[in-house]
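**Q** Once you've had a glance at the structure underneath, I'll fire off some questions.
The values are calculated or read from the model by the stated rules, or taken from the named source; none is laboratory data. Everything numeric here is computed off the predicted structure, so don't read it as measured data. Because the Cβ atoms are built from the backbone with ideal geometry, glycine has one as well, and the counts that use them run over all protein chains shown.
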Amino acid sequence: MQIVIQADAAAVAEYGAAVFIRQLQQQPASVLGLATGSTPVALYQRLIRAYQQGEISFRQVKTFNLDEYLGLAGSHPQSYRYFMQQQLFKHIDIPATATAVPDGMAADPIAACEHYEQQIAAAGGIDLQLLGLGRNGHIGFNEPSSGLRSRTRIKTLTQDTIKDNARFFQPGEYQPHLSLTMGIGTILDARKVILLATGKAKAQAVKAMIEGPLSASCPASALQLHQQALVVLDEEAASELSQLEFYRHIERENASLLARLGRS
Ligand code: F6R
């Protein structure tokens, strides 16, 4: 895992966006894995700006979102399809047919999950997967106890996650308890993974992900197995790490090595 610590959430978004911008400049026909939630919003805003300024195009890009609520149509304001439409897709030049989000209204959601895996495989796999981190260590909607090799499937949300996400729903509005989510195995198959975490509320999950044992109790700890996992944190999210100074030292060493090799 490469661990990068930035001053604040704005710097985390800027750093994460630069990774995506580089990816699209080097490989304009990239397959991107995308996330919803609060964390990636600023990163998406930065990508929209980069598109408007002509730095990048999404014309040849394909995207696959991590997850969707079971029972919400894409037109529902709390659905993840709707979120992506509002936060990113409608502002950029990506063809609508190139954006995939699991179908929350599929007549057969089990078959829809299998089909999603086939679609990812048919696209050649995911080049760069964006992740946020749940307070309980989830990635996608892979809640604690999720199989570390799981594939896209239906998952029951924990009470913690339902409570955390209640802020997006109106009081009294129906809030789904089930989701369709890429599995941990699906996420680990992405060629590169970038996870962003900001704020004090994520600090315990960040510690478990990086310094805890590899365990289904913290699904994000599965990233310890990934060959190219980049974790970008702000100071608050990094604050519980016991080897904080070592991670900063590694980053300085990396930067000076890359500068010596002329690759910075
Ligand atoms: C979203 C997702 C979730 C979120 C996580 C953090 O597609 O899969 O795993 O990334 O719940 O959410 P925020 O960013 O709202 O704290």
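**Q** Say we look at the stretch 127-149 and pick out the residues that are more than 14 Å from the ligand (Cβ to nearest atom) and assigned to a loop (DSSP other than H, G, I, E, B); which of these is surrounded by the most Cβ atoms within 10 Å (Cβ to Cβ)?
**A** Step by step, filter the stretch 127-149, then rank; the result is D127.
**Q** Does the stretch 155-177 contain at least one residue that is at pLDDT 95 or above, charged (D, E, K, R), more than 14 Å from the ligand (Cβ to nearest atom) and assigned to a strand (DSSP E or B)?
**A** Scanning the stretch 155-177, I find no residue that is at pLDDT 95 or above, charged (D, E, K, R), more than 14 Å from the ligand (Cβ to nearest atom) and assigned to a strand (DSSP E or B), so the answer is no.
**Q** Turning to a different aspect of this structure: Suppose we filter the stretch 49-79 for residues that are away from the ligand (no atom under 14 Å from the Cβ) and farther than 27 Å from A122 by Cα; how many remain?
**A** 8
**Q** Okay, next question. Take the residues of the stretch 171-196 that are small (G, A, S) and closer than 17 Å to Q228 by Cα: which is surrounded by the fewest Cβ atoms within 10 Å (Cβ to Cβ)?
**A** By that ranking, first place goes to G185.
**Q** List pairs: first residue in the stretch 92-110 and in a strand (DSSP E or B), second residue surrounded by 18 or more Cβ atoms within 10 Å (Cβ to Cβ) and at pLDDT 95 or above anywhere in the structure, Cβ distance under 6 angstrom, at least six positions apart or on different chains.
**A** Within 6 Å, the pairs are T99/T63; T99/F89; A100/F64.
**Q** Scanning for something β-branched (V, I, T) and in contact with a helix residue (DSSP H, G or I) (Cβ under 7 Å, 6 or more places away or on another chain), does the stretch 104-114 turn up at least one residue?
**A** Scanning the stretch 104-114, I find no residue that is β-branched (V, I, T) and in contact with a helix residue (DSSP H, G or I) (Cβ under 7 Å, 6 or more places away or on another chain), so the answer is no.
**Q** Consider only pairs whose beta carbons are under 9 Å apart and that are at least six residues apart or on different chains; among these, list those whose first residue lies in the stretch 75-88 and is closer than 13 Å to Q175 by Cα and whose second residue is of a type in the set (A, V, I, L, M, F, W, C) and modelled with pLDDT under 95.
**A** Between residues of the stretch 75-88 that are closer than 13 Å to Q175 by Cα and residues that are of a type in the set (A, V, I, L, M, F, W, C) and modelled with pLDDT under 95, the close pairs are P77/F168; Q78/F168; Q78/F169.
**Q** For the stretch 27-41, give me each residue that is farther than 18 Å from I187 by Cα and not in a loop (DSSP other than H, G, I, E, B).
**A** Listed by number, the list holds a single entry, V41.
**Q** Pull up the stretch 225-264, narrow it to residues that are in contact (Cβ under 8 Å) with a residue 24 or more places away in the chain and small (G, A, S), then point me to the one that is surrounded by the most Cβ atoms within 10 Å (Cβ to Cβ).
**A** Here the residue is A237.
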